[in-house]
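Shown next, in structure tokens, is the structure this report addresses.
The values are calculated or read from the model by the stated rules, or taken from the named source; none is laboratory data. If you're wondering where the values come from, they're calculated on a predicted model, not measured in any experiment. Every residue, glycine among them, receives a Cβ derived from its backbone with ideal geometry; neighbour counts consider all protein chains shown. Please note that ligands, DNA and RNA were not included when accessible areas were found on the heavy atoms of the full protein model with its side chains. Shrake-Rupley method; radii C 1.70, N 1.55, O 1.52, S 1.80 Å.
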Amino acid sequence: MARPLTAAVDLEAILHNYRYAKKLQPSCKAFAVVKSNAYGHGAVEVSRYLDKEADAFAVAAIEEAIVLREAGIESPILLLEGVFEGDEWSLCEQHGFWAALENAQQMDELIASQAKIEKVFLKLDSGMHRLGVDKEAAPGFVEALKATGQVGEVVLMTHFACADDLSDLITMQQLTYFEQTRQSIGEIEASVANSAAIMKWSVPEGGWIRPGIMLYGISPFAEVSGRALGLRPAMTLSTKVISTRQLKKGDKVGYGLGYEAEEDHVLATIAVGYGDGYPRHAQNGTPLQINGQEACLAGRVSMDMLTVRMQDYSVAPAMGQEVVLWGGDVPVEEVADYAGTIGYELVTRMTARPHYRYLRGDDS
Ligand SMILES: Cc1ncc(COP(=O)(O)O)c(C=O)c1O
């Protein structure tokens, strides 16, 4: 006996999507970006499955990287935000982590630590104005890093602000800025592309791509689903109908009585809520499937439950029927849209509460 909410994660789909990213940029090596618990999919399970094939992994911070090492991940791991405190540099050496570096303080702390780091990714601020050094400072940073004798190789990296917007010229401007900086430095490897850039922009040959959201089969673009881009959605969030009742036209439902029946129909209550990661701001009408048929949210999202109805009023949901919240034929991107957010947020906000089930190639 258990609450029937399950997050099934198809690890073979994630491997397929990783291979797809590499196929799109065949001259590049690829990080598998598994920060934030692999975007809610389970960093250890995902990384273990990809470990034999991934060129390297990328996480936000050293805590996430240590969890992976302790779980037996042997591939290189990059800290995308570098170190937050100077004493992390010696841990980086101990565990063989690679690190981004984006300011003079991190550089001073690296020198003071005397740690030996195989690869440092110097972050260039090419226009996003969040992290990184500018074009004028970059060559000096590269020289200084080499002069320490502590760093095996320096890679020049940047991040795009608007790669998901194909009509916005800022990505071209950022690429030009990046290439100008690269030329002023001389021979140096590059790392620029997130999922959107991998799929839709022309990025420098060679070097390192950094696919994140696309690994999980989710689109970085507002107007198109992951499946339409050739990706395989990895997570299916499903539960069951735990109660039903007949509503009459005009009956109201749930907290704030936020749904009113437009005609007589059967209402189903299902076991999932915002305490599991389902978005509280999802609107009436948010799509889902009951027993393989189109259904939708009917009432405000509670912590542990939702109320829902079939799209076709003539069909009645029944106790115990399977409900898919996203995955399969219910794109997470569409659910996110009804909640005023993006697929990235829905999956990364999943809690530990659902039962996670991992599907491997032989049983998916
Ligand atoms: C520096 C960096 N590179 C790559 C990624 C992966 O981006 P995406 O999930 O859009 O592929 C991120 C994600 O936020 C990032 O911060």
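Using a 1.4 angstrom probe on heavy atoms only, work out the carbon and sulfur share of the accessible area of the stretch 196-247 in %.
The C+S portion of the solvent-accessible surface of the stretch 196-247 is 45 percent.
Could you order T171, T6 by accessible surface area, starting with the largest, using a probe radius of 1.4 Å?
Details: T171 0, T6 30 Å².
If we order T171, T6 from most to least accessible, we get T6, T171.
Suppose each label sits 7 Å from its Cα in the direction of the beta carbon; what would the M303-E153 distance come out to in nanometres?
The modelled label-to-label distance comes out at 5.1 nm.
Hey, what's the Cα Rg ratio for the chain versus the globular rule of thumb, 2.2 N^0.38 Å?
1.12
Run down the lysines and flag those whose C-alpha is under 26 Å from the C-alpha of K248, throwing out any fewer than 8 positions away in its chain.
K240
Compute the FRET efficiency between S167 and K116 as 1/(1 + (r/R0)^6), taking r as their Cβ-Cβ distance and R0 = 51 Å, and round to the nearest 0.05.
Taking R0 as 51 Å, the efficiency between S167 and K116 is 0.65.
Under a GNM of the chain (C-alpha, springs under 10 Å), which listed residue has the highest mean-square fluctuation: M310, M319, M214?
Fluctuation is largest for M319.
Quick one: dipole size for the stretch 59-110, taken about the Cα centre, charges +1 on Lys/Arg Cβ and -1 on Asp/Glu Cβ, in debye to the nearest 20.
200
Test of understanding: what is the full-extension gain from S314 to S243, defined as 0.36 nm times their sequence separation minus their Cα-Cα distance?
23.7 nm is the gain from fully extending S314 to S243.
Counting only DSSP beta bridges with both residues in the stretch 114-263, what percent are antiparallel, rounded to the nearest 5?
In the stretch 114-263, DSSP labels about 15 percent of beta bridges as antiparallel.
Compute log10 of I(q)/I(0) for the stretch 235-359 with the Debye formula, placing one identical point scatterer on every Cα and leaving out solvent, at q = 0.11, 0.18 Å⁻¹, to two decimals.
Debye curve over Cα of the stretch 235-359, log10 I(q)/I(0) at q = 0.11, 0.18 Å⁻¹: -0.33, -0.90.
Shape verdict for the stretch 48-91, please, from the Cα gyration tensor: rounded (a/c under 1.5), prolate (a/b greater than b/c) or oblate.
Numbers: a/c = 2.62, a/b = 1.93, b/c = 1.36.
Since a/c reaches 1.5 and a/b is larger than b/c, the shape of the stretch 48-91 is classed as prolate.
What nm distance separates the two modelled labels at E334 and E263, each placed 7 Å from Cα along Cα→Cβ?
About 2.1 nm separates the two model spin labels.
Counting only protein chains, not ligands or nucleic acids, how are Y313, Y338 ordered by accessible area (probe 1.4 Å), most first?
Correct descending sequence by accessible area is Y338, Y313.
Let me cross-check E345: its accessible surface, 1.4 Å probe, with only protein heavy atoms counted, in Å² to the nearest 10?
Accessible surface of E345 is approximately 70 Å².
How big is the antiparallel share of DSSP beta bridges in the chain, given as a percent to the nearest 5? The partial results should precede the final answer.
Values: 29 of 57 bridges.
Antiparallel bridges: around 50 percent, rounded to the nearest 5.
Which one, Q106, A137, L80, is farthest towards the positive end of the dipole of the stretch 74-166 when Lys and Arg carry +1 and Asp and Glu -1 on their Cβ?
Going by the Cα projections, it comes out as A137.
With label points built 7 Å along Cα→Cβ from the Cα atoms of K29 and E85, find their separation and express it in nm.
Taking the two extended label points, one gets 3.0 nm.
Run down the aspartates and glutamates and flag those whose C-alpha is under 17 Å from the C-alpha of K123, throwing out any fewer than 8 positions away in its chain.
Answer for K123, where 17 Å is the Cα cut-off: E81, E102, D108, E109, D134, E136, E143, E153, E179, E187, E189, listed by chain and number.
Suppose only helical runs count, i.e. DSSP H with n ≥ 4. What mean residue ellipticity at 222 nm does that imply for the chain under -39500 (n - 2.57) per run, divided by all residues and rounded to the nearest 500 deg cm²/dmol?
Taking each H run of at least 4 residues, the total per residue is -8000 deg cm²/dmol.
Among all the lysines, which ones have a C-alpha under 17 Å from K22's C-alpha, if same-chain residues fewer than 8 places away are not counted?
K52, K200
Dipole of the chain, Cα-centred, from +1 at each Lys and Arg C-beta and -1 at each Asp and Glu C-beta, to the nearest 20 debye?
Details: 32 positive and 49 negative charges, 181 e Å.
Roughly 880 debye, rounded to the nearest 20.
Within 10 Å of each candidate Cβ there may be at most 12 other Cβ atoms; applying that plus a DSSP loop requirement, which trypsin sites (Lys or Arg not before Pro) in the stretch 128-188 survive?
Loop-located and lightly packed - R130.
Taking only complete DSSP H runs, can you tell me which helices of the chain stretch 27 Å or more along their own long axis by Cα positions and average at least 1.0 on the Kyte-Doolittle scale?
Span-like helices in the chain: none at all.
So how strong a dipole does the stretch 235-359 carry about its Cα centre when Lys and Arg Cβ are +1 and Asp and Glu Cβ are -1, to the nearest 20 debye?
Dipole size: approximately 480 debye.
Distance between the C-alpha centers of the stretch 204-229 and the stretch 288-364? Whole Å please.
Distance between centres, Cα-based: 23 Å.
Given a 10 angstrom Cα cut-off, can you work out which residue in L50, L131, L101 is the most mobile in a GNM of the chain?
L131
Can you pull the accessible area of K249 for me, 1.4 Å probe, Å² to the nearest 10?
Rounded to the nearest 10, the figure is 140 Å².
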